[in-house]
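Read through the structure below, which is laid out as structure tokens, and then see the notes.
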Amino acid sequence: MHILDTLKERGFIAQVTFEEELYKQLEKESTTFYVGFDPTAPSLHFGHFIPIMAMRHMQLAGHRPIALVGGGTAMVGDPSGKTDMRRMMTVETVEQNALTIKRQLSRFLDFSAGKAMMVNNADWLLNLNYLEFIRDIGAHFSVNRMLAADCYKQRYESGLTFLEFNYMPMQSYDFLMLFKKHNCRLQMGGDDQWSNMLSGADLIRRKEREAAFACTFKLLLNSEGVKMGKTEKGALWLDSDMCSPYDFYQYWRNVSDSDVEKCLGLLTFLPMDEVRRLSALEGSQINGAKKVLAFECTALVHGKEEAQKAQLASAALFDNTGESLEDVPTFVVTDQILEEDNRLTSLLHLCGLCASRTEARKMVGQGAVQVDGDKATDVEMRILRDALDKTDGLLLRKGKKSYCRLILQ
């Protein structure tokens, strides 16, 4: 099957330029393509997961991925989907984040023997001669067309800075440089980047008179049309220190029934016949498909061993298997913490089950908190040292699915 057909079947493709021509290009030869990554956080998050999976599919089909770290464009800030101007970052912070991104991408992509590359646009943007840039590149951009692009519309209403206005020409220049340096002919990425990507492909066609393409991926929305990948604690990070393998597993274990097929197609490498078989399960049996989804996603991001631990911890909590609670999210309580404030509401906040003590009091008052299986109703309840001094510690539960184990140190 052609790689574009594979990506379509699995639910990736949103928009493609010169589609018939791109089919022929990918059939003709191993094609170098790139996806950009914003190095403004110390970890990739779920928003990057779909592009990464698509890169892996493309690499398995014999094409060469370039992971472009936006060390230069991060100094400007992409206005796409933003209502406020993004804070500026230091070169040192961007470089450190870029190293983390390389490590995380290496779990998915083979960087050996020229099979994949990672480059930083800071290499050509930071020392760019601006006068030469606007004469050589700026002449190919229509301000009217730029202002009509989706990536500028929202920021234009609230106040688009000239700094941000440079983003589209700079990203387009990235594509041009990658074409010149590495014969890169295809840019791939999220559908919110469509306008920027069109401009890059168009710049190559105008200046170099060569074929260049853009292909965007659908944003993963749940059945209510809301972006997936957000938890009570914030973004679904791909770093285990920022989002534990257990929390990552539980997120996918609890997706809506109607989202299972879409997620299995996009976020696993299971054959599509198996995806369709699992998605056709009904009633309580669909939970089996969700467990497969959760395990496969967690294994891809954190490795099979961590996925198995998360699976066993989840089973211990929800399936009454008697498995150890060792890998359930855990918070260490010291004697000093107990001496300062041993109220249940304070511990609910400290361990992360509640965003604040006010929320903790509200949850207890509503009967939404359990302590070792018993409903807590007293907002002034205190946790004594003896209650924590057990092999498995003390298990707190908020709502139906949020758990934390308190252990004594």
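The values are calculated or read from the model by the stated rules, or taken from the named source; none is laboratory data. None of the values given here were measured: they were computed from a predicted structure. Here Cβ is always computed from backbone atoms with ideal geometry, including for glycine, and neighbour counts include all displayed protein chains.
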| said: Please pick out the residue among Ala116, Ala149 that is in contact (Cβ under 8 Å) with a residue 12 or more places away in the chain, under 27 Å from the mean Cα position of the chain (by Cα) and over 21 Å from Arg205 (Cα atoms). | reply: Ala116
| request: Could you figure out which of (1) in contact with a helix residue (DSSP H, G or I) (Cβ under 9 Å, 6 or more places away or on another chain); (2) at pLDDT 85 or above; (3) farther than 23 Å from Leu317 by Cβ isn't true of Lys362? | output: (1)
| task | Go through (1) surrounded by 22 or more Cβ atoms within 10 Å (Cβ to Cβ); (2) of a type in the set (A, V, I, L, M, F, W, C); (3) more than 18 Å from His182 (Cβ to Cβ) one by one and return the number of the condition Met58 breaks. | result | (3)
| request: For region 213-221, state whether one or more residues are in a helix (DSSP H, G or I), more than 23 Å from the chain's Cα centre (by Cα), modelled with pLDDT of 90 or more and surrounded by 17 or more Cβ atoms within 10 Å (Cβ to Cβ). | output: no
| Among the candidates Phe49, Phe33, residue that is among the aromatic types (Phe, Trp, Tyr) and under 17 Å from the mean Cα position of the chain (by Cα) | Phe49
| message | I'd like the full set of residues that are modelled with pLDDT of 95 or more, in contact with a strand residue (DSSP E or B) (Cβ under 9 Å, 6 or more places away or on another chain) and in a helix (DSSP H, G or I), limited to region 24-50. | response | Gln25, Leu26
| Is it the case that region 296-316 has a residue that's at pLDDT below 90 and more than 30 Å from Met53 (Cα to Cα)? | yes
| request: Take the residues in region 330-382 that are of a type in the set (S, T, N, Q) and touching a residue at least 60 places away in the same chain (Cβ under 8 Å), then tell me which one is surrounded by the most Cβ atoms within 10 Å (Cβ to Cβ). | output: Thr330
| request: Name every residue in region 169-197 that is under 26 Å from the mean Cα position of the chain (by Cα), surrounded by fewer than 24 Cβ atoms within 10 Å (Cβ to Cβ) and over 18 Å from Gly71 (Cβ atoms), in order of residue number. | output: Arg185, Gly190, Asp191, Asp192, Trp194, Ser195
| field | Any helices (runs of 4 or more DSSP H) falling wholly within region 270-366 and containing at least 3 residues that are of a type outside the set (D, E, K, R) and either touching a Pro at 6+ places or on another chain (Cβ under 7 Å) or within 27 Å of Lys390 (Cα to Cα) (or both) | value | 304-318, 335-340, 344-350, 357-365
| remark: Only one of Gln96, Gln59 is within 23 Å of Pro42 (Cβ to Cβ), part of a helix (DSSP H, G or I) and modelled with pLDDT of 80 or more, namely Gln96
| Hey, Val119 hits all of (1) at pLDDT below 95; (2) assigned to a helix (DSSP H, G or I) but one; which does it fall short on? | (2)
| note | For region 122-147 the number of residues that are part of a helix (DSSP H, G or I), of a type in the set (A, V, I, L, M, F, W, C) and surrounded by fewer than 13 Cβ atoms within 10 Å (Cβ to Cβ) is 4
